[in-house]
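Notes follow the structure.
The numbers here are math on the coordinates, done by the rules we state, and not lab data. Since we're looking at a predicted model, the values are computed, not measured. Reconstructed Cβ throughout: ideal geometry from the backbone, glycine too, with neighbour counts over all protein chains shown.
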Amino acid sequence: MTRAAWGARTETAGGIAGPAGPSRRGFLGLTAGLALGGTGLLTACSSADSGSRVADRHKDGILRIGVAAAPSSLNPLDSGAEVTRWIAEPVMESLYAYDDQLNSVPLLAEGEPEVSPDQLTWTVRLKPGLTWHNGDPFTADDVVATLTHMLDLSAGSEWITYMLGYVLRFEKADARTVRIVLAKPYGLLRSHLTNLPVTHKDFVSRKDTMMGTGPFKLDSYVAGQSFTMSKFDGYHGGQYKAPFADLPGGAAFKGIEYTVFTDGNTRAVSLKQGKVDLITAPAHTTLPVLEKEKGVAVVSAIAPLDVLTYVMVKREPFDDPDFRKAIAYSMDREGVLARVYGGKGAPGQGPIGPGELGYDSALAVYPPTPDLAKAREHLARAKTQKRSFTLTVGASQVVRDLAQVLVAGWDKIGVKVTIEQLSGGPWSNKWLSGDYDMLMNTFSSGFTSGPANYLTLAPASSSNVLSCGYKNPAVDAAIDTVWQTTDPAARIAALKTVDRALAEDAVIFPPVYPELVVAQRTELSPLNQAQLKICRLSPQTLRFTDA
């Protein structure tokens, strides 16, 4: 695709088009806010000057990416959140990976796993001749150490919520063979082996660096500010060899630099001026400007980008089903979609969104705008006398904005809500301990589940370590089917059963299903739409087109 063909249009992967532009008040506010920052988006240099400067900058062969936040830990074995995994993508690889049809194909594994007739033993043979970035050979010891780390309760890995009760042990059969022994059939195991990054055995507990086998190695970082990578010339090729067979190491760039811009306007300005080639999470107020900007493309995809929304069912006030439904009916879903996400997405219902396996487009329990009459009816029937609760949210401005829209709606039915905003670690501790009334955060589940959101469903299982206190035998049975079956049709049917029950019982009811939105310079090759559908930026597969 030529740069002219790129234009300044919006690419959408099965997406919903956003609004044509902001309101007059929103537009004036955006203009004023950017101008006051001294780097006004609307008064920046001309597109021609920008394009010329970008071409000159690309001569150094460095891909520059602007991200919205930095992880507190660099260990992707502990967290599947995009803030960590987008940085880890070029560095660390998994045993299997998704191709552009989202089929799971071997990457570090030599071939398909061998599964015993009783489905309780999985044997995986590893590719020979692979090396880590430090020169050590890649062996079964590394894979066993990685997998074992997940089941270490002291490690705090979110992966443990999947594995407990299913995995008995991980074994090294020989230097290139790993054996996984299960307590009962576990159909989701292949998904985990496709999504879990594998690291060097000496680095499984490290939170201050990354050691991988990927096409780029992490050289240095400044905590909370930047991450610098260089091409790994010893790269084995893997799934990226074919596009770049003519390039040493199978990668198009000499290096990749990630820079953290917590302010959305600053990210947009940096992209427009050509200081970075790609930005994540552009603020919705900047989208109308970026969509009209020559040399810039706004890219959106319907992906497993979840607004985790849980209530603690085993304590007041959410132990009362009528109180839960009052809260669900008074959610301003359209308000959140318009004010926080710029219209890019859809109103929420149950926990499974349109970018995920098991989505039911016919599910319509709650209206897009608050039904205050029905909410007040449920509130009047509620046995609990409490008319207040605490909403615990993550640290991002997006989730804070989202919470404020919802709180204003709940106030209209006489329910007072206190917003408690916590950073990643404390927020996760609340989730794990069950010490919350309502919990909310954003999460790209594509990094742990691919085109699904299994982790989001975990609190609905009465036996899961993340249980929110909800007890429904039919849901427990359906979740068991989701976890255990190898039949895709049976898994989808079970997911739909869980989705509907959790929406109708107002246990997990996200306000919106946001789209994954990023923006890029058109001097960079187009982002892979298939990979965006599972939340991957895949920067290691891109190249400059102005060279």
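In table form, for the structure just shown:
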read-out: Pairs from K314/K374; K374/K471; K314/K386; K314/K383; K325/K416 whose Cα-Cα separation, in the structure shown, is over 18 Å; value: K314/K374; K374/K471
read-out: Overall Cα dimensions of segment 82-203 - principal axes, largest extent first, Å; value: 38, 33, 31
read-out: Over 14 Å [Cα-Cα, segment 398-457], rounded percent; value: 65 percent
read-out: 5 Å-binned pair-distance histogram of segment 305-514 (Cα, whole percent); value: 1, 8, 16, 21, 22, 17, 10, 3, 1, 0
read-out: Mean Cα-pair separation over length for segment 305-514, i.e. relative contact order, pairs under 8 Å, 6 or more apart, %; value: 36 percent
read-out: DSSP H segments from the chain that extend 30 Å or more along their own axis, Cα-based, with Kyte-Doolittle mean of 0.5 or above; value: none
read-out: Partners for K294 among aspartates and glutamates (Cα-Cα distance below 19 Å; same-chain residues under 8 apart left out); value: E11, D49, D56, D277, E523, D546
read-out: Debye, to nearest 20: dipole size of the chain, +1 on Lys, Arg Cβ, -1 on Asp, Glu Cβ; value: 1120 debye
read-out: DSSP beta bridges in segment 305-514 [antiparallel fraction, %, rounded to 5]; value: 55 percent
read-out: Computed magnitude of the charge dipole of segment 305-514 (debye, nearest 20; Cβ of K, R +1, Cβ of D, E -1); value: 440 debye
read-out: Beta bridges by DSSP in the chain, antiparallel share as percent, to the nearest 5; value: 70 percent
read-out: Leading residue at positive end of dipole, the chain (Cβ point charges), from T497, L107, F138; value: T497
read-out: Cα-Cα separations in segment 342-452 greater than 21 Å, expressed as whole percent; value: 50 percent
read-out: Whole-angstrom gap from segment 354-399 to segment 402-418, using each part's C-alpha centre; value: 11 Å
read-out: Rh by Kirkwood over Cα pairs, then Stokes-Einstein D for segment 322-392 at 1.306 mPa s and 10 °C, µm²/s; value: 117 µm²/s
read-out: Rounded if a/c under 1.5, otherwise prolate or oblate - the chain, Cα gyration tensor axes; value: oblate
